[in-house]
1. Mind checking whether some residue in region 110-127 is over 27 Å from the mean Cα position of the chain (by Cα) and within 16 Å of the ligand (Cβ to nearest atom)?
2. More than 16 Å from the ligand (Cβ to nearest atom) and of a type outside the set (Phe, Trp, Tyr), is that true of Arg81?
3. Of the numbered conditions (1) closer than 24 Å to Gly38 by Cβ; (2) away from the ligand (no atom under 16 Å from the Cβ); (3) surrounded by fewer than 13 Cβ atoms within 10 Å (Cβ to Cβ); (4) among the small types (Gly, Ala, Ser), Gly56 satisfies every one except a single condition; which is it?
4. Might you let me know whether region 307-330 holds any residue that is closer than 20 Å to Glu234 by Cβ, assigned by TED's automatic domain parsing to the domain that holds Arg265 and basic (Lys, Arg)?
5. Among the residues of region 12-47, write down those that are within 25 Å of Leu120 (Cα to Cα) and assigned to a loop (DSSP other than H, G, I, E, B).
6. Please tell me if Leu50 is under 27 Å from the mean Cα position of the chain (by Cα), within 13 Å of the ligand (Cβ to nearest atom), of a type in the set (A, V, I, L, M, F, W, C) and not in a loop (DSSP other than H, G, I, E, B).
7. Test of understanding: among Glu250, Glu287, which residue is closer than 15 Å to Val224 by Cα and touching a residue at least 24 places away in the same chain (Cβ under 8 Å)?
8. Out of the helices (runs of 4 or more DSSP H) lying entirely within region 171-269, which hold 2 or more residues that are over 25 Å from Gln305 (Cα atoms) and among the aliphatic types (A, V, I, L, M)?
Amino acid sequence: MLFRDIIGQEDIKQHMQKALREGKISHAYIISGEKESGKMMLAKTFSQALFCEQGGEEPCGECPSCKKVAHDNHPDLIYVRHEKPNLISVDEIRDQVVGDMSIRPYSAKRKIYIVEDAQLMNASGQNAILKSLEEPPAYVTMILLTDNASALLQTIRSRCIQLNIQPVMKEREQIKRQLMRTYQMPEYEAEAILNFSQGNVGKAYVLANSEGFRTLMDEVLSLVFSVFSMQQIEVERKAAEIKTAVKNKELDVKEYLDLLVLWYRDVLLYKATANLEYIYFKDHIREIRKQAKRADFENINNVLQKIEECRAQVRANVDLELVFILLMQVMKEI
Ligand SMILES: [Zn+2]
């Protein structure tokens, strides 16, 4: 990945490329931003440029060093691993960072340590990192990635250059076009993905890449199209189907509900404004128009409210079959 292929984040890219150009690389960086917002992508591109044998402000992508970084097997790029999902232990920091730092780089002029989810370091882990940040060998660069920089000690933060990832709403159109082009998806699907990811580019690409997303979309559309005319027995069958699909991990129930909300929000929006501008499911405007005409505001609000109730029930592990039977009964009113 080149800097110029990363959408948005102009400030961070400019900072990194200026540092590369001037050869003024800090010993430590914090890249903070919400989950899947592209922190690792930026850290990796920066590392690649730092190791690149061409030494430019973009990685060349072709030299052996660039290729090793791309394949995650550059010996001087160390990703700090941790065993427990919610903790980076002090021993892991000692083994992989503090103890390793005095060993000179294997093949490059530099050694880069990337600590993903740095907020998972407890106080002793952070103190160990802090010690190593006080007098690091000249060849060391540490990159801490976090979705919660305030969980890091002030003393660590003050020793790092902090780069904050901004949600990229203003580049929304650009991302949308790129999604449509890259994944050959219709506009409404790209819009839906963007709406889900709320300007969070990494997540948008994860969704666009996920095979399941299109299937999920089709599933939801087929339900909202047909629920109106379903007999009770079909409702029950459908609910059982959904439960099985969730159990087999073929369907993410949270995303399913998100898409249902998106549909009924469209119906509501169209009923209120008759304006197509903010409609996501533009390709299905005939059905939206039909439902908007058929339902009154109360019906639509009931469904939206019911979906919110379902979310709470899903979190509370209420039987999914029952949850969906009740939901569909409300949806049938539209
Ligand atoms: Zn290169």
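The values are calculated or read from the model by the stated rules, or taken from the named source; none is laboratory data. All of these numbers come straight from a predicted model, not from anything done at the bench. Counting neighbours? That spans all protein chains shown, and the Cβs are built from the backbone with ideal geometry, glycine included.
1. Within region 110-127 (the criterion being over 27 Å from the mean Cα position of the chain (by Cα) and within 16 Å of the ligand (Cβ to nearest atom)), the answer is yes, since at least one residue qualifies.
2. Numbers: more than 16 Å from the ligand (Cβ to nearest atom): yes; of a type outside the set (Phe, Trp, Tyr): yes.
Against the criterion (more than 16 Å from the ligand (Cβ to nearest atom) and of a type outside the set (Phe, Trp, Tyr)), Arg81 qualifies.
3. Going through (1) closer than 24 Å to Gly38 by Cβ; (2) away from the ligand (no atom under 16 Å from the Cβ); (3) surrounded by fewer than 13 Cβ atoms within 10 Å (Cβ to Cβ); (4) among the small types (Gly, Ala, Ser) one by one, Gly56 breaks only (2).
4. No - not one qualifying residue is present in region 307-330.
5. Ser26, His27, Gly33, Glu34, Lys35, Glu36, Ser37, Gly38
6. Working: under 27 Å from the mean Cα position of the chain (by Cα): yes; within 13 Å of the ligand (Cβ to nearest atom): yes; of a type in the set (A, V, I, L, M, F, W, C): yes; not in a loop (DSSP other than H, G, I, E, B): yes.
Judged against the criteria, Leu50 is a match.
7. Values: Glu250 fails: closer than 15 Å to Val224 by Cα.
Exactly one residue qualifies, and that residue is Glu287.
8. On the way: elements: 172-183, 187-197, 201-209, 211-226, 232-247.
Because the criterion is at least 2 residues that are over 25 Å from Gln305 (Cα atoms) and among the aliphatic types (A, V, I, L, M), the helices (runs of 4 or more DSSP H) in region 171-269 that meet it are 172-183, 201-209.
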